[in-house]
Amino acid sequence: MSQTARLSARDLAVSFPGMQVLKGLTLEIPDTKMTVIIGPNACGKSTLLRSLARLQTIGAGTVVLDGKAIHKENSRSVARRLAILPQMPTAPEGLLVRDLVTRGRTPHQSALRQWSKKDAAAVSQALELTGMTDNAHRPLETLSGGQRQRAWLAMALAQQTDILLLDEPTTYLDLPHQIELLNLVQRLNRDTGRTVAMVLHDINLAARFADHIVALKDGQVHLQGPPDQVITESTMQGVFGLACTVISDPVHANPHVIPA
């Protein structure tokens, strides 16, 4: 394994009562790229992402961030370098969008460092990047699904980390809003060089937006690489048990899966 990736997992094992979810998994998240993790239900995708963010207790192995075991790092220090948007996040009723985004600055606060102009600028920038400035003073529950996801993304961006983990960020969004959100994440990746790793269920969206795809099966990495090397008929059969034809998307030239 190379020593260049800032975030990696080594021999990672995670178990829940009655089942082992991750089984000695080793993986590097390519720096400055968009990585998408795919795989069938219950293969360990979300568990992997939560483990990378130190939200999940691991049984064996280690997660390495900037050359150090992440579980030995100070929580505030980790949160200044890595942000995660979990599945279906919740917030208190009546919370305004700006107040939600402000919470992203918590890792930068301390007894000696209170709210500053830098914090205010980070919140304003996150709202602007996600197109949520005009909704800053609206309660979160009054937003549409797509707007709500952008608000949560703005909170993660306000942390100003170099690494961003997204767990199924398109859940419950219709297709236009899925593409809108993924276009936004891709633009942030391209413009700022943020390292992005996300879990997606839609294989064709993964193929369209990812630089690097990791296919999981039974708690291990089955295959990884560029979309055209991973999204193949043999991989779809081997990972998902899906008989299909894979063609080149006539618009974007990425692989496109057509189920049989």
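What to note about this one:
- Given (1) over 29 Å from G219 (Cβ atoms); (2) open to solvent by 50 Å² or more (accessible area, probe 1.4 Å); (3) at pLDDT 90 or above, index of the condition P139 fails: (2)
- From the options T171, T130, residue that is open to solvent by less than 20 Å² (accessible area, probe 1.4 Å), at pLDDT below 95 and of a type outside the set (F, W, Y): T130
- The set of residues from segment 19-48 being in a strand (DSSP E or B), farther than 21 Å from D211 by Cβ and β-branched (V, I, T) comprises just one member, V21.
- Only residues that are in a helix (DSSP H, G or I) and either in contact (Cβ under 8 Å) with a residue 12 or more places away in the chain or under 19 Å from the mean Cα position of the chain (by Cα) (or both) were counted across segment 136-148, and they come to 6.
- The residue pairs whose first member lies in segment 102-126 and is open to solvent by 50 Å² or more (accessible area, probe 1.4 Å), whose second member is modelled with pLDDT of 85 or more, and whose beta carbons are closer than 6 Å, counting only pairs six or more residues apart or on different chains, are R103/M155.
- Conditions (1) in contact with a strand residue (DSSP E or B) (Cβ under 9 Å, 6 or more places away or on another chain); (2) touching a residue at least 60 places away in the same chain (Cβ under 8 Å); number of the one not met by I247: (2)
- Filtering segment 158-201 to residues that are more than 12 Å from the chain's Cα centre (by Cα) and acidic (D, E) leaves D162, D174, E180, D191.
- No other residue among D66, D99 is acidic (D, E) and free of Cβ contacts under 8 Å to residues at least 12 places away in the same chain apart from D99.
- Filter result for T133 (free of Cβ contacts under 8 Å to residues at least 24 places away in the same chain and in contact with a Leu (Cβ under 9 Å, 6 or more places away or on another chain)): yes
- Residues of segment 224-241 that are without any contact (Cβ under 8 Å) to a residue 40 or more places away in the chain, open to solvent by 60 Å² or more (accessible area, probe 1.4 Å) and of a type outside the set (S, T, N, Q): D228, E233.
- Matching residues in segment 175-201 - criterion: being in contact with a Ser or Thr (Cβ under 7 Å, 6 or more places away or on another chain) and not aliphatic (A, V, I, L, M): Q178, G193, T195
- For segment 242-256, filtered to residues that are in contact with a Pro (Cβ under 8 Å, 6 or more places away or on another chain) and of a type in the set (A, V, I, L, M), the residue that is surrounded by the most Cβ atoms within 10 Å (Cβ to Cβ) is V246.
- Sole residue being open to solvent by 40 Å² or more (accessible area, probe 1.4 Å) and charged (D, E, K, R), chosen from R208, R194: R208
- Any hit, segment 41-48, residues being out of contact with any strand residue (DSSP E or B) (no Cβ under 7 Å at 6 or more places or on another chain), more than 30 Å from A136 (Cβ to Cβ) and open to solvent by 40 Å² or more (accessible area, probe 1.4 Å): yes
The values are calculated or read from the model by the stated rules, or taken from the named source; none is laboratory data. Predicted model, so just to flag it, every value in this text is computed and none were measured. Because the Cβ atoms are built from the backbone with ideal geometry, glycine has one as well, and the counts that use them run over all protein chains shown. Keep in mind that these areas ignore ligands, DNA and RNA; they rest on the heavy atoms of the full protein, side chains included. Shrake-Rupley method; radii C 1.70, N 1.55, O 1.52, S 1.80 Å.
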